[in-house]
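Here it is, the structure, as structure tokens.
Just so it is clear, none of the values below were taken in a lab; they were calculated from the coordinates. These figures come from a predicted structure and were not determined experimentally. Here Cβ is always computed from backbone atoms with ideal geometry, including for glycine, and neighbour counts include all displayed protein chains.
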Amino acid sequence: MSETDDNRFRILCCVDGSDESYRGIRYAARIGKGNDADITLLFVRPVDQGLRTGGMQISVARANMLEWGLELPGIKRLKKGRDLLIELGVMGEDWQEEFDHSDIAGDPLGDNMIVYSTESGKTIILKLMVAPSVVSGILDECDLQRYDVVITGASEKWRSWSVPGFLEDSVAETVAARAPCSVIVARELEENHGHLICVDDSEKALATARRDATIASRCKCPISLLSVAPSEDKREWAKNNIDRASQALASLGIKVESATVEVGDPVTKICEAGLNYSLVVVSASEKRGFRRFLAQRVAYGVMEKADCSVMIARDLPRVNRA
């Protein structure tokens, strides 16, 4: 394998069977081309979801799953995702195949995973995970592996299994808030309309611009910049934000297709502008106190209200895994 472990580009696609999750896989296929990129398709099911085997030998059940003949919850959906990757040319039918299993207390079948790989080191992983909730399963997977980006649909199907009497945020919102890497919340995700990167005067915004530029370059998506001034007397501040980000991207050899300054409520202006793009990119704030609250209000306000897909961007340090 020519690339070191920490230089690989890893994508986690959360599959729930919704149209949005399969749009997310299509997008992953675009940014996951090349031998340096790996894609994991993840379906999370609750512990022992009525999966009593009725006397079936567990070893037989696992063998059948490997042949895709056993209709366990999630298997059909993962298989559809795998077939989509084959159709899109990201994966071949002749790839090497390896099966892995981990026992989970209280569940008859546990965690199961099929790893498809090439001699060059590229892998596609299909993982059926057991967890108390969808959120905990996704976040546990993020702890197990270093991912550059997580893609999850905004579908209503992606709701946590909750204990009666407790209110939980949607899976997408919670994962976006707690994941250690960038998270794309896919909503009517179109592939060919470019990325809109939202910038302010923070170093985090510059890191976000650089980070998304690497992702956008993988799918040859054009990049545009937007900065929103809260009032007319702050217009020059917003323009300086644009200039700063443009210079940072130019130093990386990345062209900015367009740059816009708006005045008004940031959430409203970003959501309006985002209608013309495949993806709106906002940064997870590193600020503290009230400034952090304001920045987070914008990021998660956009995620909640935008009619397009949104990425909450985090710059992930490159570190070797054990």
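Can you tell me how much longer the chain between Ala250 and Ile104 gets when fully stretched, taken as 0.36 nm per residue apart minus their C-alpha distance, in nm with one decimal?
My answer for the length gained is 47.6 nm.
Another question about this same structure. For the range 180-252, what does the alpha-carbon gyration tensor say about shape, rounded, prolate or oblate, given a ≥ b ≥ c as the root eigenvalues, a/c under 1.5 as rounded, and a/b over b/c as prolate?
Prolate shape, in that a/c is at least 1.5 and a/b is the bigger ratio.
Rounded to two decimal places and with Rh computed the Kirkwood way over Cα pairs, what is Rg over Rh for the range 195-313? Don't skip to the answer; put the middle values down first.
Values: Rg = 13.0 Å, Rh = 14.0 Å.
Taking Rg over the Kirkwood Rh, I get 0.93.
How would you rank 234-240, 302-308, 138-144, highest first, on the average number of other Cβ atoms within 10 Å across their residues?
302-308, 138-144, 234-240
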